[in-house]
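Here's the structure we're looking at; comments come further down.
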Amino acid sequence: MSSFTYEYTNDRNKLETFEWDNVWIEHAEKDDITRILYIGDSISVGTRHIATRLSMQKAYFDNFGTSKAVDNPYFCDSLSLFAAQEGYRNAVIFNNGLHGWHLDDEKEYPEHYEKTVRFLIDAFKGTPVFLVLTTHVADKERDNRVKKRNCAVKAIAQKYGLPIIDFYTPSSEKPELLSGDGVHFTEEGYNVLASTAIQALLSVIEAK
């Protein structure tokens, strides 16, 4: 077990000690506003409601937040079930980099990440897909792994012609925005991330 992300691996499963899904559809009855499907880790859970507020009600950020790593065989099925309930979306943003530490950063993580990206492109045909660079963490060894994973994300984004939302740069330039656990963020930190997402998505939000 790691004190960093409560990981646990046995011979059968590669799971964390606490596996979770945190899902949210903002004002599910509304069908006349831009919806952003935010697929992510716990950072997405802390960011999505602030992004909705900062959009000045021009967009709702629905959220499929999960501890499932990109190699989890139930990831895509769980996401598909959630998306079916959501009904529609005008853009998809994807970040899952703070999970799946059992995957090596050179080969396994990029391979599984790319498979998930191909799934998103196929499942949400005609919908813009944005890839999010994973946020900075205080642990230096883990942060170096985050950097490697972000390099893989950039390469995959270039391969498929997908835009990037850079959460790493603002979170690394202002490490004081991290909360005491060195992973999650203060309210100010989540505001910075939400503002970054809004700016990247302006063309989608203003097109509605």
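A compact table of results
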item	result
Percent RCO, i.e. relative contact order, over the chain, from Cα pairs under 8 Å lying at least 6 residues apart	21
Virtual spin-label span in nm between Ala84 and Glu173, 7 Å along Cα→Cβ	4.3
For the chain, calculated [θ]222 nm from helices alone, where every DSSP H run of n ≥ 4 adds -39500 (n - 2.57)	-13000 deg cm²/dmol
About the Cα centre, charge dipole magnitude for the range 7-206 (Lys/Arg +1, Asp/Glu -1 at Cβ), debye	520
At q = 0.16, 0.20, 0.22 Å⁻¹, base-10 log of I(q)/I(0) for the range 53-162 (Debye sum, equal scatterers on each alpha carbon)	-0.77, -1.15, -1.32
Taking Trp20, Trp101 and counting other C-beta atoms within 10 Å, the order from fewest to most	Trp20, Trp101
Among Leu54, Leu131, Leu120: highest mean-square fluctuation, GNM of the chain, C-alpha pairs under 10 Å	Leu54
Rough spin-label spacing in nm, given labels placed 7 Å along Cα→Cβ, for Cys151 and Arg53	3.8
Pair Gln199, Asp166: separation of 7 Å Cα→Cβ label points (nm)	0.9
Among Asn144, Phe130, Leu79 - extreme Cα towards positive end, dipole of the chain, charges at beta-carbon	Phe130
Net charge over other residues, Cβ less than 13 angstrom from the Cβ of Tyr38 (K, R count +1; D, E count -1)	-1
Of Leu162, His49, Val70, farthest towards positive along the dipole that unit charges on Lys, Arg, Asp, Glu beta carbons give the range 7-206	Leu162
Relative compactness, the chain, computed as alpha-carbon Rg over 2.2 N^0.38 Å	0.96
Computed magnitude of the charge dipole of the range 111-208 (debye, nearest 20; Cβ of K, R +1, Cβ of D, E -1)	520
Efficiency of FRET from Cβ geometry, Glu187 and Ala28, R₀ 30 Å, rounded to 0.05	0.70
Local net charge near Pro110, Cβ-Cβ under 14 Å (Lys/Arg +1, Asp/Glu -1)	+2
Per-residue Cβ neighbour rank within 10 angstrom, fewest leading, Ile39, Ile165	Ile165, Ile39
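A short reminder: the numbers here are calculations on the coordinates, not readings from a lab. What you are looking at is a predicted structure, and each value in this text was computed from that prediction instead of being measured. Note that each Cβ is placed from the backbone with ideal geometry, even for glycine, and that neighbours are counted across all protein chains shown.
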